[in-house]
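Participant: My structure is below; once you've seen it, I'll send some questions.
FYI, it's all coordinate maths here, none of it is from the lab. Bear in mind the structure is a predicted one, so any value in this text is a computation, not a measurement. Positions of Cβ are backbone-derived with ideal geometry, glycine not excepted, and every protein chain shown enters the neighbour counts.
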Amino acid sequence: MKSVICSLFLATGFFSNLSVQASEQPLNAFDMAQLLMQNQGQLDDSTLMALLSQGIEANIRIEPEHLGVAFWDSRTGERVNPQEIRELIGPVRQDGTWQVLDMALSLGGERLLLDQEQLRLLMDAAFMASMRRPPQHISIEYYDRRQGPTGEGGGVSGSVPDETQTMASEPEPVAQAQPSGRPDSLPPSEDALLAAFSKLGFTAEERTGLYLFPIVTWALDAEQLEAKFEQDLMELHSLGLSLQQLTDDPVIKEDGDWLVLYALGYFEANEHMTGSELEDTRTIHRLILEQVSAD
């Protein structure tokens with residue numbers, strides 16, 4: 001649970017859920033990326049990141065930093081509960097793919113155009129596509145996060161935007177540097193991030209049956225930031241945490257081209273949460289309470 005929910009307020013490359021394919025399955029693009037990374041003595045990390053980014057853009061028709069992945073339930077038209085996807089992946093495959101992500105992050109770090117959440121979703125999608133008998137109701141959509149998903153997937157193989165329409169809708173390129181994958185001011189570690197909430201003036205107290213949980217998200221403008229914040233709350237709800245009340249008004253900081261939002265809320269654990277996930281939530285609650293306790 002910690003690896004999943006931390007992606008919502010860290011997203012700096014510390015935690016992730018990924019999928020590895022069974023050894024009898026054929027290689028796909030992500031296996032090739034892993035093989036390239038294992039041969040880093042012949043290719044420097046900048047070249048490796050460029051290869052990975054170009055491969056994604058060539059196959060999915062979306063620039064990596066704008067790539068979104070949605071899992072739809074074709075029976076209901078709603079998003080698939082992430083808990084179902086995690087159960088399909090299984091702990092053995094999940095543990096194995098931690099090594100793949102750690103390798104990628106250690107080579108790319110801040111230069112990687114894909115953030116931690118994108119990597120998790122892409123690996124989940126790769127797992128679905130590799131299954132011998134994939135669930136018939138799961139339909140994957142690859143979309144441009146600037147435009148949002150359409151709700152129309154393409155089975156486990158996934159649907160991608162129409163190349164002609166995507167190119168026509170994009171503005172002419174401008175001769176200026178694009179912002180990096182995440183703001184420079186983000187705290188470098190989990191401990192530093194939790195401490196930042198105290199420095200920003202957040203205060204809270206223990207409440208029976210509720211858990212404190214921090215969220216940090218960022219975007220290039222206020223509209224995108226609001227949408228990202230709502231998406232994070234929906235993700236937490238699907239994972240088992242329902243927001244009851246914010247402790248304070250969210251704090252928004254400017255960081256170059258980015259707007260960074262910090263929020264802290266009281267959450268209630270719902271029926272989707274397992275015992276181990278609840279224990280992770282309690283740990284995060286205790287750590288953040290130590291930083292922001294009003295006592």
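Participant: To the nearest 20 debye, what charge dipole does region 190-292 have about its Cα centre, counting +1 at the Cβ of each Lys and Arg and -1 at the Cβ of each Asp and Glu?
Facilitator: For this selection, approximately 300 debye.
Participant: Shifting gears a bit: Using the beta-carbon distance between R286 and R146 and R0 = 30 Å, what value does 1/(1 + (r/R0)^6) give for FRET efficiency, to the nearest 0.05?
Facilitator: On the way: r = 38 Å, r/R0 = 1.26.
My answer for the efficiency is 0.20.
Participant: Take the alpha-carbon centre of region 258-282, take the same for region 64-86, and report the distance between them in whole Å.
Facilitator: Measuring centre to centre over Cα atoms gives 20 Å.
Participant: Does region 190-292 classify as rounded, prolate or oblate by the C-alpha gyration tensor (a ≥ b ≥ c root eigenvalues; a/c under 1.5 gives rounded; else a/b over b/c gives prolate, otherwise oblate)?
Facilitator: Judged from the Cα gyration tensor, region 190-292 comes out oblate (a/c at least 1.5, b/c at or above a/b).
Participant: Take H237 and E205, extend 7 Å from each Cα along the Cα→Cβ direction, and tell me the distance between the two endpoints in nm.
Facilitator: With each label point 7 Å from Cα toward Cβ, the separation is 2.8 nm.
Participant: Continuing with this model, one more query. Counting other beta carbons within 10 Å of each residue's own, what order do H285, H237 fall into, fewest first?
Facilitator: Fewest to most other Cβ atoms nearby, the residues stand as H237, H285.
Participant: Distance from a point 7 Å along Cα→Cβ of L278 to each backbone N in region 198-215: keep the residues under 13 Å and list them by number.
Facilitator: Within reach of a label on L278, which here means backbone N under 13 Å from a point 7 Å along Cα→Cβ, region 198-215 contributes 209-211.
Participant: Region 199-295: which GluC sites (Glu not before Pro) are DSSP loop and have at most 15 other beta-carbon atoms within 10 angstrom?
Facilitator: Answer in residue order: E205, E206, E271.
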